[in-house]
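Chemist: So that we are looking at the same thing, I have put the structure below in structure tokens.
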Amino acid sequence: MAAFAKNLTQAELRPAAAYFAKKTWPARSGPAASAPAPDGMAVCQICHQPGFVGGLPAPRLAGQSYDYLIQAMNSFANGERTNNADMVKLMEALSPAQRETMARYIASL
């Protein structure tokens with residue numbers, strides 16, 4: 001997003017900022033039951049940070065929906081999304097069931 005946004009002028013940013021400032025966040029359902037992290041999550045936190053709060057070099061995952069997470073993970077695994085070679089390798093190595101468990105866990109954060 002930063003690569004795209006850095007090319008926008010202040011005149012272009014103001015309407016976008018006003019648009020997003022007026023939007024409301026969808027209501028979240030109640031917090032999911034706390035569950036232990038599935039096996040293999042430690043490697044994810046190397047880039048996505050403890051608690052999946054994001055930062056350099058990887059984005060925040062905590063708070064993302066299950067649907068988004070599983071779609072992104074499967075897109076990496078199937079080679080449809082290739083903007084991060086490490087993610088492609090990591091997701092290819094996981095079974096669909098492992099990706100499912102990880103996505104459900106992260107969505108509960």
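The values are calculated or read from the model by the stated rules, or taken from the named source; none is laboratory data. Treat the numbers as computed from the prediction; the structure is a model and nothing was measured. In this analysis, Cβ positions are derived from the backbone assuming ideal geometry, glycine residues included, and neighbour counts consider all displayed protein chains. The protein model used for the area step is the full one, side chains on, heavy atoms only, and it has no ligands, DNA or RNA in it. Shrake-Rupley method; radii C 1.70, N 1.55, O 1.52, S 1.80 Å.
Chemist: Just a yes or no: is a residue in the range 43-50 outside any loop (DSSP other than H, G, I, E, B), more than 24 Å from R104 (Cβ to Cβ) and either open to solvent by 50 Å² or more (accessible area, probe 1.4 Å) or of a type outside the set (G, A, S) (or both)?
Modeler: Within the range 43-50, the subset outside any loop (DSSP other than H, G, I, E, B) is 43-48, 50.
Right, trim to more than 24 Å from R104 (Cβ to Cβ) and you get none.
No: the range 43-50 contains no residue that is outside any loop (DSSP other than H, G, I, E, B), more than 24 Å from R104 (Cβ to Cβ) and either open to solvent by 50 Å² or more (accessible area, probe 1.4 Å) or of a type outside the set (G, A, S) (or both).
Chemist: Next question, about the same structure. So D67 fits all but one of (1) outside any loop (DSSP other than H, G, I, E, B); (2) open to solvent by less than 40 Å² (accessible area, probe 1.4 Å); what number is the exception?
Modeler: (2)
Chemist: Name the pairs whose Cβ atoms lie under 6 Å apart, with the first residue in the range 83-100 and β-branched (V, I, T), the second surrounded by 15 or more Cβ atoms within 10 Å (Cβ to Cβ), and 6 or more positions between them or separate chains?
Modeler: Matching pairs, first to second residue: V88/F76.
Chemist: Only one of (1) within 13 Å of the chain's Cα centre (by Cα); (2) of a type outside the set (A, V, I, L, M, F, W, C); (3) open to solvent by 90 Å² or more (accessible area, probe 1.4 Å) fails for S108. Which number is that?
Modeler: Here S108 meets the rest and fails (3).
Chemist: Please pick out the residue among A35, A62, A72, A103 that is open to solvent by less than 40 Å² (accessible area, probe 1.4 Å) and assigned to a loop (DSSP other than H, G, I, E, B). Quick ask: steps written out before the conclusion?
Modeler: Numbers: A35 fails: open to solvent by less than 40 Å² (accessible area, probe 1.4 Å); A72 fails: assigned to a loop (DSSP other than H, G, I, E, B); A103 fails: assigned to a loop (DSSP other than H, G, I, E, B).
The conditions single out A62.
Chemist: Still on this structure: Please verify whether the range 18-32 includes one or more residues that are open to solvent by less than 70 Å² (accessible area, probe 1.4 Å) and assigned to a helix (DSSP H, G or I).
Modeler: Within the range 18-32, the subset open to solvent by less than 70 Å² (accessible area, probe 1.4 Å) is 18, 30, 32.
If we keep only those that are assigned to a helix (DSSP H, G or I) too, we end up with 18.
Yes: one or more hits.
Residue by residue, here is whether (1) of a type in the set (V, I, T); (2) at pLDDT below 85 holds:
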site	(1), (2)
L8	no, no
T24	yes, yes
A32	no, yes
A42	no, no
C47	no, no
F52	no, no
